[in-house]
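Asker: Take a look at this one; I'll ask things after.
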Amino acid sequence: MNDLDINQVNYLIDPANCHNPIYIKGCDTNDLINYLKMMMMIRKVEQKLAIGRRDGFIGGPVHLGVGQEAIAVGVSGSLTCDDRIFGAHRSHSHLLALNPDPYRLFAEVLGKVTGFSRGMGGSMHLWDGPSGFYGSVPIVSGTVSLAVGAAMAARLQKTNHIAVAYFGDGAMEEGVVHESLNLARIQESPVLFVVENNLFASHMHISLRQPSDMQSRFAVANHIPYKLADGNDVVAVKNAASELITHSRNGQGPGFLELITYRWYGHVDWRDDIDVGVHRSLDDVDNWRMRDPVTRLSKAMIEQGIWSAEEEKKLISMLDNQISDAWEKAMNDSYPDESATLNCVYEI
Amino acid sequence: MILKVKKQNYGTAICSAFEYLLEKYPEVFVIGQGLWSPWYVGNSMTDLDKKFGVERIIDTPVSESACTGAAVGASLSGMRPILVHPRMDFMLYAMDAVVNQAAKWSHMFGGQAHPAVTIRSIINRGGEQGAQHSQALHSWFAHVPGLRVVMPSTVKDARDLLIASVLCNDPVIYIDDRWLYEQEDDLPPIEELSLAAQGPACLRKGADITLVGSGFSTYLANKAAEILGKQAVSVEVIDIRILNPFDASLIIESVERTGVLLVVDLGWRNSGFAAEVIARVTENVGTDVLKCRPRRITLPDAPAPTSRALESRYYTSTDEIINTVKELLS
Ligand SMILES: Cc1ncc(C[n+]2csc(CCOP(=O)(O)OP(=O)(O)O)c2C)c(N)n1
Ligand SMILES: [Mg+2]
């Protein structure tokens, strides 16, 4: 951990910085368009979930990651369906970035049998094995050690597949995360620890929970190579993830990626003006909205002449239609059969 | 602070117990997640941080294991910590501190040292929250010698048993249920009870059947008994209150009179607390006492589903209790 990194963390956690278009020179145009589409799709899906929750169609809690879309999209750019990806309570984006199917996500959140987890999990328990999404759960840090095990398996199986654990700055405070870092290093497990440092664990700002805002210090303590990046810059995320992932695929063990970001909604559900209990500074939220990962990419692409306002308008209307069709379809689907409660407990 | 007879609900009753303890006993402090923004725990901890200061009302990092161990350690050093786990599911990271350490401490050291820690663990289920946000693990804790397990179902018990738990020198798991928070009652002034002297209580006298519950299932049992009372069925309702150490004598004595036993438990069936109640009774009553086989109503042996279509069927209801009582008496 060097002074440069500490300065970078301090720079990134100040919401007055990084409002400008991101740096995209040298990037493949199709990749960029794809990132933009994915981020916009994920955002619109989550905004739809917010409304569905507000209006009572969704009965359970939804933890929305609006503002954090660049992370899942940037990381997934280097993953394949043979990798093993694990999430947490705020994982809609992690799954959608691997399998952009809003319909099955809506169906799941609505408790319908056509959902990703066959209606048995809802927003907080998502699974899509075929795309490499091995599960997300709401016990904070619950899947971090599982990802290490999936990486150990990949190595025993003599593949170059990797595992990914997405978790937050709050999860970093659970002992098992530190055990997992140590275990992964000593076992040379090909796992990427992705810390979405959004500075909050429910109502508590990181300064009330940790002596330093910088999560990468735990990578240093465990001799794990790390990268620190602006989590609202999809290209920076992609580049940092790609370097660490290549290193893991080449048999060099774990990597640690710290991404500074911010969620626009409260900890849970659809309100954006409160953080359930503690009034957040609305100025901060407004400033963070200026570091919008979607707008910053779109503006950069328009400046480079590889994207236009008209194309964006078309994309928005296409996504709006796709999402409202998906929602309608999911709303009309059936609930699981009553027998599922007992029938899913064991394999048979 | 001694309260006059006062209308309270279950949540505010818990809050008044905290206030009483914090005012009267400087060795009491509270530690857990969410304490500086206690939306998670309803109205049961409102403004404690403002009244008693953030040094004694400690909000924490997301570190259940360390916080629980720390509370146990503080309790061995002259303090009476109250640890709050805003949801029972979250405290599974803390199992070593609870089961290997706190529960064993007195015994391992010849009864010379006692962790006077109270662990308030909240059952918070429903609302399509699913498998990891719905569990009621009271039967697990009741299995462990050394832990006192307290499950208040009435408003008065919510307050007075919390105070008794904190003043007790043994480790106590105090389990409250969010579904009970709206219950109201007129409360007499606070009484400092000895926890060791507490046991099951008869909430309603009856002659036809003994209906036993704990926590929220007692609430349901009481409601069912009320309705059945109007239909000329006389139901005796017993609230377990203290699951460990478990004194079943009141229940045994009741079944000796009624000859019929139904236990309602909102935990799982296999190896659950309802089985313990039935075992104690059948071990102890005369062979000619039971008029029919004892019965239990529990959750199905499955995690809580999220889908509303399944969740609505997963939990039991007063109707199910009423129908089962009628079946047993027919
Ligand atoms: C073991 C456990 N403890 C506490 C909680 C309650 N809880 C849910 S999310 C959360 C905050 C997590 O913060 P972080 O890991 O930073 O993720 P973020 O919400 O910021 O995405 C907490 C404390 C939980 N679900 N599980
Ligand atoms: Mg966070």
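Asker: Can you tell me how many residues within region A:212-233 are assigned to a helix (DSSP H, G or I) and under 21 Å from A:G74 (Cα atoms)?
Answerer: First, pick out the residues of region A:212-233 that are assigned to a helix (DSSP H, G or I): A:217-221.
Pick out the ones that are also under 21 Å from A:G74 (Cα atoms) and you get A:219.
Count: 1.
Asker: Still on this structure: Name the single residue, out of those in region A:160-179 being more than 16 Å from ligand 1 (Cβ to nearest atom) and of a type in the set (A, V, I, L, M, F, W, C), that is nearest to the other protein chains (Cβ to nearest Cβ).
Answerer: In this case the residue turns out to be A:A163.
Asker: Take A:I186 and tell me if it is at pLDDT 95 or above, farther than 30 Å from A:C27 by Cα and more than 16 Å from ligand 2 (Cβ to nearest atom). Lay out the reasoning, then the answer.
Answerer: Working: at pLDDT 95 or above: yes; farther than 30 Å from A:C27 by Cα: yes; more than 16 Å from ligand 2 (Cβ to nearest atom): yes.
It is true that A:I186 is at pLDDT 95 or above, farther than 30 Å from A:C27 by Cα and more than 16 Å from ligand 2 (Cβ to nearest atom).
Asker: Against the definition (within 14 Å of chain A (Cβ to nearest Cβ) and closer than 28 Å to B:Q129 by Cα), how does B:I14 come out, yes or no?
Answerer: So B:I14 does not fit the description; no.
Asker: Say whether the condition of being in contact with a Cys (Cβ under 8 Å, 6 or more places away or on another chain) and under 25 Å from B:G127 (Cβ atoms) is met by at least one residue in region B:290-303. Working first, answer last.
Answerer: Step one: list which residues in region B:290-303 are in contact with a Cys (Cβ under 8 Å, 6 or more places away or on another chain), which gives B:302.
Narrowing the set further to residues that are under 25 Å from B:G127 (Cβ atoms) leaves B:302.
Looking through region B:290-303, at least one residue is in contact with a Cys (Cβ under 8 Å, 6 or more places away or on another chain) and under 25 Å from B:G127 (Cβ atoms).
Asker: Let me ask something else. Which of the residues spanning region B:278-307 are more than 13 Å from chain A (Cβ to nearest Cβ), surrounded by fewer than 19 Cβ atoms within 10 Å (Cβ to Cβ) and within 26 Å of the chain's Cα centre (by Cα)?
Answerer: Listed by number, the residues that qualify are B:A279, B:R280, B:T282, B:E283, B:N284, B:R295, B:R296.
Asker: Need pairs with beta-carbon distance below 7 Å; first residue more than 16 Å from ligand 1 (Cβ to nearest atom) and within region A:200-229, second among the polar types (S, T, N, Q); sequence gap 6+ or separate chains.
Answerer: A:N222/A:N182; A:Y226/A:S216; A:L228/A:Q8; A:L228/A:S216
Asker: Hey, A:G77 hits all of (1) touching a Lys or Arg at 6+ places or on another chain (Cβ under 6 Å); (2) within 14 Å of chain B (Cβ to nearest Cβ); (3) away from ligand 2 (no atom under 16 Å from the Cβ) but one; which does it fall short on?
Answerer: (2)
Asker: For region A:125-148, what are the residues that are within 16 Å of ligand 1 (Cβ to nearest atom) and away from chain B (no Cβ under 14 Å)? Lay out the reasoning, then the answer.
Answerer: In the first step, residues of region A:125-148 are kept if they are within 16 Å of ligand 1 (Cβ to nearest atom); the result is A:125-126, A:135-147.
Residue satisfying the conditions is A:A147 alone.
Asker: Among A:N239, A:N182, A:N197, which is the only one that is within 14 Å of chain B (Cβ to nearest Cβ) and either near ligand 1 (Cβ under 9 Å from one of its atoms) or farther than 21 Å from A:D14 by Cα (or both)?
Answerer: On the way: A:N239 fails: within 14 Å of chain B (Cβ to nearest Cβ); A:N182 fails: within 14 Å of chain B (Cβ to nearest Cβ).
Every option except A:N197 fails the conditions.
Asker: I've got another one for you. Return yes or no: is B:P26 under 21 Å from A:R280 (Cβ atoms) and either aromatic (F, W, Y) or in the same structural domain as B:E182 (by TED's automatic domain parsing) (or both)? So that I can check it myself, show each step before the final result.
Answerer: Details: under 21 Å from A:R280 (Cβ atoms): no; either aromatic (F, W, Y) or in the same structural domain as B:E182 (by TED's automatic domain parsing) (or both): yes.
Spelling it out, it is not the case that B:P26 is under 21 Å from A:R280 (Cβ atoms) and either aromatic (F, W, Y) or in the same structural domain as B:E182 (by TED's automatic domain parsing) (or both).
Asker: Now for a different question. Could you tell me whether any residue of region A:56-70 is assigned to a helix (DSSP H, G or I), within 14 Å of another protein chain (Cβ to nearest Cβ), within 16 Å of ligand 1 (Cβ to nearest atom) and buried (at least 22 other Cβ atoms within 10 Å of the Cβ)? Give the derivation first.
Answerer: Taking region A:56-70 as the starting set, the residues that turn out to be assigned to a helix (DSSP H, G or I) are A:69-70.
Going one step further and asking which of them are within 14 Å of another protein chain (Cβ to nearest Cβ), we end up with none.
Within region A:56-70, none of the residues are assigned to a helix (DSSP H, G or I), within 14 Å of another protein chain (Cβ to nearest Cβ), within 16 Å of ligand 1 (Cβ to nearest atom) and buried (at least 22 other Cβ atoms within 10 Å of the Cβ).
Asker: Within region A:258-348, which helices (runs of 4 or more DSSP H) (wholly inside it) include 1 or more residues that are at pLDDT below 95? First the steps, then the outcome.
Answerer: Details: elements: A:282-289, A:293-303, A:309-332, A:340-343.
Passing ranges, in order: A:282-289.
Asker: Restricting to region A:80-124, name every residue that is within 16 Å of ligand 2 (Cβ to nearest atom) and either part of a helix (DSSP H, G or I) or facing another protein chain (nearest Cβ under 9 Å) (or both).
Answerer: Restricting attention to region A:80-124, the residues satisfying the condition of being within 16 Å of ligand 2 (Cβ to nearest atom) are A:87-94, A:124.
Result: A:H92, A:S93, A:H94, A:M124.
Asker: Spot the failing condition for A:A151; the list is (1) free of Cβ contacts under 8 Å to residues at least 60 places away in the same chain; (2) away from every other protein chain (no Cβ under 14 Å), and only one is missed.
Answerer: Looking at each condition in turn, A:A151 falls short on (1).
Asker: Among strands (runs of 3 or more DSSP E) lying entirely in region B:85-185, which contain 1 or more residues that are under 24 Å from B:A197 (Cβ atoms) and among the hydroxyl-bearing types (S, T, Y)? Show your work before the answer.
Answerer: Working: elements: B:118-123, B:148-150, B:172-177.
Ranges flagged: B:118-123, B:172-177.
Asker: Within the group B:V5, B:V72, B:V30, B:V62, which residue is over 20 Å from B:S165 (Cα atoms), away from chain A (no Cβ under 14 Å) and touching a residue at least 24 places away in the same chain (Cβ under 8 Å)?
Answerer: Working: B:V72 fails: over 20 Å from B:S165 (Cα atoms); B:V30 fails: over 20 Å from B:S165 (Cα atoms); B:V62 fails: away from chain A (no Cβ under 14 Å).
Only one candidate qualifies: B:V5.
Asker: Within region A:33-42, is even one residue closer than 25 Å to A:W127 by Cα, part of a helix (DSSP H, G or I), touching a strand residue (DSSP E or B) at 6+ places or on another chain (Cβ under 9 Å) and hydroxyl-bearing (S, T, Y)? Even if it seems obvious, please write down each step before you answer.
Answerer: Step one: filter region A:33-42 for residues closer than 25 Å to A:W127 by Cα, giving A:34-42.
Remaining after also requiring part of a helix (DSSP H, G or I): A:34-42.
Restricting the remaining residues to those that are touching a strand residue (DSSP E or B) at 6+ places or on another chain (Cβ under 9 Å) gives none.
No, because not a single residue in region A:33-42 is closer than 25 Å to A:W127 by Cα, part of a helix (DSSP H, G or I), touching a strand residue (DSSP E or B) at 6+ places or on another chain (Cβ under 9 Å) and hydroxyl-bearing (S, T, Y).
Asker: So, one more: Suppose we filter A:V220, A:V237, A:V164 for residues that are more than 16 Å from ligand 2 (Cβ to nearest atom), modelled with pLDDT of 95 or more, surrounded by fewer than 21 Cβ atoms within 10 Å (Cβ to Cβ) and among the hydrophobic types (A, V, I, L, M, F, W, C); which single one remains? Can you show your working first?
Answerer: Numbers: A:V237 fails: surrounded by fewer than 21 Cβ atoms within 10 Å (Cβ to Cβ); A:V164 fails: surrounded by fewer than 21 Cβ atoms within 10 Å (Cβ to Cβ).
The match here is A:V220.
Asker: Regarding A:M152, is this residue within 16 Å of ligand 2 (Cβ to nearest atom) and either crowded, with 24+ Cβ neighbours inside 10 Å or at pLDDT 95 or above (or both)?
Answerer: Numbers: within 16 Å of ligand 2 (Cβ to nearest atom): no; either crowded, with 24+ Cβ neighbours inside 10 Å or at pLDDT 95 or above (or both): yes.
No, not satisfied.
Asker: Scanning region A:92-114 for residues that are among the small types (G, A, S) and under 17 Å from A:P130 (Cα atoms), which turns out surrounded by the fewest Cβ atoms within 10 Å (Cβ to Cβ)?
Answerer: The qualifying residue surrounded by the fewest Cβ atoms within 10 Å (Cβ to Cβ) is A:A97.
Yes/no per residue for (1) in contact with a Gly (Cβ under 8 Å, 6 or more places away or on another chain); (2) at pLDDT below 95:
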site	(1), (2)
A:N7	no, yes
A:M39	no, no
A:K44	no, no
A:G59	yes, no
A:Q68	yes, no
A:L79	yes, no
A:R84	yes, no
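The values are calculated or read from the model by the stated rules, or taken from the named source; none is laboratory data. All values reported here derive from a predicted model rather than from experimental measurement. Cβ coordinates were reconstructed from backbone atoms using ideal geometry, including for glycine residues, and neighbour counts include every protein chain displayed.
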